[in-house]
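Written out below as structure tokens is the structure these notes cover.
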Amino acid sequence: MALAAGVARTWMWGPSRGLGRAGFQLLRRLGTRGLAVSHSQRQQQQHFSSLDDKPQFPGASAEFIDKLEFMQPNVISGIPIYRVMDRQGQIINPSEDPHLPQEKVLKFYKSMTLLNTMDRILYESQRQGRISFYMTNYGEEGTHVGSAAALDNTDLVFGQYREAGVLMYRDFPLEQFMNQCYGNVNDLGKGRQMPVHYGCKERHFVTISSPLATQIPQAVGAAYAAKRANANRIVICYFGEGAASEGDAHAGFNFAATLECPIIFFCRNNGYAISTPTSEQYRGDGIAARGPGYGILSIRVDGNDVFAVYNATKEARRRAVAENQPFLIEAMTYRIGHHSTSDDSSAYRSVDEVNYWDKQDHPISRLRHYMQSRGWWDDEQEKAWRKQSRKKVMEAFEQAERKLKPNPNLLFSDVYQEMPAQLRKQQESLVRHLQTYGEHYPLDHFEK
């Protein structure tokens, strides 16, 4: 039918779009009968009130209006921030208390403080030239541990590069953190990644990749696969508010919504994309405000409140599995440390600003207040744990530093089942180079 209509249109109007002789003859044959039918149809349409005229456009669900009005960027005063306890560690609404057992809360606290201790030691080791790079997690520990605790251990994690606390909560050994940062012979990644790019198949933590936001559409693909396999698991994808400005974020959000994938998008809004403050990153109401535009259920939480993060992630996970739909959690927090060891944040923010968050609204301090108010923790326990945790980190640190680097031949393995000729040629070139100039390289530091 469509083809016949197209041929008829061409025959009537001609290739030059002018009404041809055949067209005039057809109109004469129709006479006024065709016009009468059209007039009758118009009369029937006039019986309907404009108030009963509903939009039929397939691209949106809406009503007609008769007043010209542009939608304001912030249709409400601001998406509220869900919290469970205040800065003094007091539960605000008893009905929102997760009522976690003492052992689990202690694991929260020890994971957060152990991460803090590891950060301090590895940051200083980079400053001393012992490792090449490092990124701390200061101030964001609550977002890691609160979310990790609410997941099933088989849920797949796609991180950005500031989620070491998720692995810490999943009992990733301190030795492996150190091995990765030193790139030694026991590193699971065989020394190929720069420091803090962790990965662990056993703990369902996908290896971190430096380019921003690439993990977002990858995580959606993994969630879609889990849905098709009826795996009863979800995927959680972490990223910062800066990464949410990347095109991959749009693609990931849209795919997750339209394919109805069981995924949690977890945004750590820590105030800065390296040196760019949020005021220069976007004009809308943060990241959670974008969720409804994609058809994603969204919430904003106090990222310095580990219980608020836990509650939101637990409910999002329950519903993502049961309903096969994505969720967006925006955790409001603050990056107390520099972006990385390549950054000096004093160039773009004041010491007073950093001190406020470090001293007045730190997730570790808030949880400690909660534990102390219940008699679960005291100053003596704090002192003993700080000493013990530092000893554990230092032992792992010293062991990792003494180990050899991986064999240079591992540069060429684990990509192809059979090494291509071009790659084999590069390997042979490296062997010849080291045979000639080996004395200029610390080859005794590498595994033979």
May I ask you to list the residues in segment 55-75 that are open to solvent by less than 100 Å² (accessible area, probe 1.4 Å) and touching a residue at least 60 places away in the same chain (Cβ under 8 Å)? N74
Assess whether E353 counts as being open to solvent by 10 Å² or more (accessible area, probe 1.4 Å), among the acidic types (D, E), assigned to a helix (DSSP H, G or I) and more than 29 Å from W376 (Cα to Cα). yes
For residues that are modelled with pLDDT under 95 and either in contact with a strand residue (DSSP E or B) (Cβ under 6 Å, 6 or more places away or on another chain) or among the polar types (S, T, N, Q) (or both), scanning just segment 412-427, find the one that is nearest to R192 (Cα to Cα). S413
Would it be correct to say that N232 is more than 12 Å from the chain's Cα centre (by Cα) and at pLDDT 95 or above? no
Going through segment 263-287 one residue at a time, which ones are part of a strand (DSSP E or B) and more than 21 Å from N137 (Cβ to Cβ)? I263
Restricting attention to segment 226-256, report how many residues are within 18 Å of F327 (Cβ to Cβ), outside any strand (DSSP E or B) and either without any contact (Cβ under 8 Å) to a residue 24 or more places away in the chain or not aromatic (F, W, Y) (or both). 15
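One line per residue, one yes/no per condition, for (1) open to solvent by 40 Å² or more (accessible area, probe 1.4 Å); (2) in contact (Cβ under 8 Å) with a residue 12 or more places away in the chain:
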site	(1), (2)
R368	yes, yes
Q372	yes, yes
D378	yes, no
R386	yes, yes
R390	yes, yes
A396	no, yes
A400	no, yes
K405	yes, yes
L410	yes, yes
For segment 89-116, name all the residues that are of a type in the set (D, E) and either closer than 14 Å to V309 by Cα or open to solvent by less than 40 Å² (accessible area, probe 1.4 Å) (or both). E96, D97
When every residue in segment 141-172 that is closer than 17 Å to Q215 by Cβ and in a loop (DSSP other than H, G, I, E, B) is compared, the one most open to solvent (accessible area, probe 1.4 Å) is Y161
Looking at segment 300-314, is at least one residue outside any helix (DSSP H, G or I), of a type in the set (D, E) and surrounded by 20 or more Cβ atoms within 10 Å (Cβ to Cβ)? yes
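The values are calculated or read from the model by the stated rules, or taken from the named source; none is laboratory data. All of these numbers come straight from a predicted model, not from anything done at the bench. Positions of Cβ are generated from backbone atoms using ideal geometry, with glycine treated the same way; all protein chains shown enter the neighbour counts. The area values use the complete protein model at the heavy-atom level, side chains included, leaving out ligands, DNA and RNA. Shrake-Rupley method; radii C 1.70, N 1.55, O 1.52, S 1.80 Å.
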